[in-house]
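The values are calculated or read from the model by the stated rules, or taken from the named source; none is laboratory data. As the structure is a computational prediction, the values presented were derived from the model and not from experiment. Using ideal geometry, Cβ is built from the backbone for each residue, glycine included, and neighbour counts are taken over all protein chains shown.
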Amino acid sequence: MLTLLGQSNRFCDGLSRRNFLRIGTLGMGGLALPQLLRAEAASGIRSGHKAVIMIYLPGGPPHQDTFDLKQDAPAEIRGEFQPIPTNVPGIQICEHLPQLAKIADQFTIIRSLSDAVDDHSDFMCQTGRRKGNQPPGGWPTFGASVSRLLGPEDPSIPAFIGLEPRMQHRPYNAARAGYAGVAHDAFRPAADAKSDMVLNGITTERLADRRALLTAFDQFRRDVDSSGLMAGLDGFNQQAFGMLTSSRLLEALDLKREDPKRLERYGKGDAKVHGDAAPMLNEQFLVARRLVEAGARFVTVAYGFWDYHGNNFGNARNDLPLLDQGVSALLEDLHQRGLDKDVSVVMWGEFGRSPTINKDAGRDHWPRASCAVLAGGGMKVGQVIGATDRLGGEPSERPVQFGEVFATLYQRLGIDVNKVTIPDLTGRPHFLVDNGCQPIRELVG
């Protein structure tokens, strides 16, 4: 294994991976170029740079107090917030989301997500699957699958970038690359890892010599490896060396290059971590836009702590305006830069909240109904899909599964979920979504 200069970081998978910059035996899985070309020809994967930004709201935000208010419900269910009209006739959202209300024609609200589980974890939001009965290697995240199938758009920009921090409640970081291979797990550009992206005290000529030596060692390891675990190594090495010989990733992460007025539009948010999840860093939305513009295919952002078992309305009064500013700035920015046809955005949490307000003025876990917001990607926006009953407890119209949202996002990237498969560690092929999940016709049909 070749170790490049810089400080080591250990992540929740137990691997000291130097954010991809420790290069060697970690490649597991992956398609060789001839296989990738054959897969593209057979599976209808289109060329061109498409991307997805996922905004994960850990803890489960209250759908009844954000995008699915129930003014006809009893007081113990209705809550304290009032709905306000949006710029789309007939669509109303929470009064604490006024900036999103002004651009509701740029996104679609799904009010009838129906298959969440009562589990404080990012697993469902990142994989579209349940944790039980996983195949050998485990279900891969959406980002890992995309990285495996499409590879990097630019050799210096990882296909899958995770901006979320390591959260105190570790299951919020539970989803991994699974059988797609650890080489396709998220690249996490933590602040103390930026030095690892720079050639400190080594010339590009010396780096080339080390790359040649590494290639020779790895070729030997591949020749003697009977397990197939070395299969993704070449792409893994190329990505790490590409980052070291290009400044493009560092430039994308450098917000000093942005117009101060745009930085002001996004706002700072709140750097303090409330609860056991993530800070509300609005600048991460801008970093996500810069990364997809630079060539990343999938970028994740974790934002806030939404597990409002107590003081639901006090917490929401603080948090919703910050979310409103950051997400509305992102959607406007994508439109202004002409990226809204190519970059899809999805925002959701792991489940919804209970219709009844509890004794602590909070709402409890409620997996039977929740909301999602989708935008961009050339999707049909300015609409609401599905509905819940008068109490906000059960889908009453057009139940939607997480897998349908994933199928839609794959389709926006040019990947046909009815044809493309990825093999698990035994070689058995698996489709990208559960059986029967198709792109949402209201969005793409």
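Below, the figures for the structure above:
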| item | result |
| --- | --- |
| Looking only at the range 132-163, and only at residues there that are surrounded by fewer than 21 Cβ atoms within 10 Å (Cβ to Cβ) and charged (D, E, K, R), the one that is modelled with the highest pLDDT | Glu153 |
| Options Asp218, Asp192: the member that is among the charged types (D, E, K, R), modelled with pLDDT under 55, out of contact with any Lys or Arg (no Cβ under 7 Å at 6 or more places or on another chain) and under 30 Å from Arg428 (Cβ atoms) | Asp218 |
| Criterion violated by Gln99 - all others in (1) surrounded by fewer than 24 Cβ atoms within 10 Å (Cβ to Cβ); (2) touching a residue at least 40 places away in the same chain (Cβ under 8 Å); (3) within 18 Å of the chain's Cα centre (by Cα) satisfied | (3) |
| Yes/no for Ala387 being surrounded by fewer than 23 Cβ atoms within 10 Å (Cβ to Cβ), among the hydrophobic types (A, V, I, L, M, F, W, C) and on the phi > 0 side of the Ramachandran plot | no |
| Test result for Phe402, within 25 Å of His335 (Cβ to Cβ), of a type in the set (Phe, Trp, Tyr) and either buried (at least 22 other Cβ atoms within 10 Å of the Cβ) or at pLDDT below 95 (or both) | no |
| From Gly414, Gly338, Gly376, residue being under 19 Å from His49 (Cα atoms) and out of contact with any helix residue (DSSP H, G or I) (no Cβ under 9 Å at 6 or more places or on another chain) | Gly338 |
| Matching residues in the range 165-175 - criterion: being surrounded by fewer than 24 Cβ atoms within 10 Å (Cβ to Cβ) and either touching a strand residue (DSSP E or B) at 6+ places or on another chain (Cβ under 8 Å) or closer than 20 Å to Phe431 by Cα (or both) | Pro165, Met167 |
| Subset tally (residues that are at pLDDT 95 or above, touching a helix residue (DSSP H, G or I) at 6+ places or on another chain (Cβ under 6 Å) and of a type outside the set (Asp, Glu)) for the range 72-93 | 7 |
| Residue, surrounded by the fewest Cβ atoms within 10 Å (Cβ to Cβ), within the range 368-378, restricted to residues that are assigned to a loop (DSSP other than H, G, I, E, B) and in contact with a strand residue (DSSP E or B) (Cβ under 7 Å, 6 or more places away or on another chain) | Gly377 |
| Restricting the range 382-405 to residues that are aliphatic (A, V, I, L, M) and not in a helix (DSSP H, G or I), the residue that is nearest to Thr141 (Cα to Cα) | Val400 |
| Which listed residue, of Arg129, Arg111, is touching a residue at least 12 places away in the same chain (Cβ under 8 Å), touching a strand residue (DSSP E or B) at 6+ places or on another chain (Cβ under 7 Å) and either surrounded by fewer than 24 Cβ atoms within 10 Å (Cβ to Cβ) or not in a helix (DSSP H, G or I) (or both) | Arg111 |
| Gly30 over 28 Å from Gly362 (Cα atoms), outside any helix (DSSP H, G or I) and either of a type outside the set (A, V, I, L, M, F, W, C) or at pLDDT below 95 (or both) | yes |
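Let's see how each residue does on (1) assigned to a loop (DSSP other than H, G, I, E, B); (2) touching a residue at least 24 places away in the same chain (Cβ under 8 Å); (3) surrounded by fewer than 21 Cβ atoms within 10 Å (Cβ to Cβ):
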position	(1), (2), (3)
Leu320	no, yes, no
Ser328	no, yes, no
Gly338	yes, no, yes
Glu350	yes, yes, no
Ile357	yes, yes, no
Gly362	yes, yes, yes
Lys380	yes, yes, yes
